[in-house]
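The values are calculated or read from the model by the stated rules, or taken from the named source; none is laboratory data. Keep in mind that this is a model prediction, so the values were computed, not measured. For neighbour counting, all protein chains shown are included, and Cβ atoms are generated from backbone atoms with ideal geometry for every residue, glycine included. Protein only, heavy atoms only, side chains kept; ligands, DNA and RNA dropped before computing areas. Shrake-Rupley method; radii C 1.70, N 1.55, O 1.52, S 1.80 Å.
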Amino acid sequence: MPGMFFSANPKDLKGTDQSLLDDKTQKRRPKTFGMDVKAYLRSMIPHLESGMKSSKSKDILSADEVMQWSQSLEKLLANQTGQDVFGNFLKSEFSEENIEFWLACEDYKKTESDLLRCKAEKIYKAFVHSDAAKQINIDFHTRESTAKKIKAPTLTCFDEAQKVIYTLMEKDSYPRFLKSNIYLNLLNDLQANSLK
């Protein structure tokens, strides 16, 4: 279920024919998206009343784990479920390109040298280029600097743009996420379940 709502899985960048990076006509989420998020979050909560344990117990969240997300954006993004929940929040704000770009950069840093050029071009065309379908909000200097760096790609050619987007998320989206119903309801549900 996790890949279903959060479509910027770094694996999508590895050259699939129907990659999101190539889809310039992607539509915005329907209004029922909030209900989908609720269903997804509920699936992450253990059903203590029934005594059933998930076969994927590592996927079950604890209230402590979710509370740690409020300590820093770094802690939130270090957790796969945190990335998914934050990504869903950003989708609800129509700014999912930020985390998608950040995750693509993280994946890019693990790329083998013979694949750098191809992957760098895909990331650039999807997020950085001025005509990108999911254009990120970076300044002209950073955009031009990144364009020059991908001509001879290295593992660090997106670092400057990634830092700008991280700072944007940290100062703008992350504080709103911590006050959002998505985060607060998840935390409250987990705390209520831990008391049962």
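Observations on the model:
- A 1.4 Å probe, protein heavy atoms only, puts the accessible area of residue 112 near 120 Å².
- If the Kirkwood radius is taken over C-alpha pairs of the range 62-192, then at 25 °C and 0.890 mPa s the Stokes-Einstein diffusion coefficient equals 158 µm²/s.
- Inter-label distance, nm, simple model (7 Å from Cα along the C-beta direction), residue 167/residue 148: 1.8 nm
- Neighbours of residue 71 by Cβ distance under 13 Å: Lys/Arg scored +1, Asp/Glu scored -1, total -3.
- Contour excess over end-to-end distance, with Cα ends at residue 191 and residue 70 and 0.36 nm allotted per residue: 42.1 nm
- Once C-alpha pairs closer than 8 Å and six or more residues apart are averaged by separation and normalised to the residue number of the range 62-192, the relative contact order reads 27 percent.
- Sorting 129, 141 on solvent-accessible area from highest to lowest, probe radius 1.4 Å, gives 141, 129.
- Sequence of 117, 176, 143 from largest to smallest accessible area, 1.4 Å probe: 117, 176, 143
- Span per principal axis, largest first, for the Cα atoms of the range 103-150 (Å): 29, 19, 15
- Computed on protein heavy atoms with a 1.4 Å probe, the accessible areas place 118, 105 in the order 118, 105, largest first.
- Length available on full extension from residue 184 to residue 159: 0.36 nm per residue minus the Cα-Cα distance, which gives 5.8 nm.
- Per-residue SASA entry for residue 159, accessible area with 1.4 Å probe, Å² rounded to 10: 60 Å²
- Here the Karplus relation 6.51 cos²θ - 1.76 cosθ + 1.60, evaluated at θ = phi - 60°, turns the backbone of the range 74-89 into coupling constants of 4, 5, 4, 6, 6, 10, 4, 5, x, 4, 5, 5, 5, x, 5, 4 Hz, with x for every Gly and Pro.
- On the range 62-192, 51 percent of the accessible area sits on carbon and sulfur atoms, based on a 1.4 Å probe.
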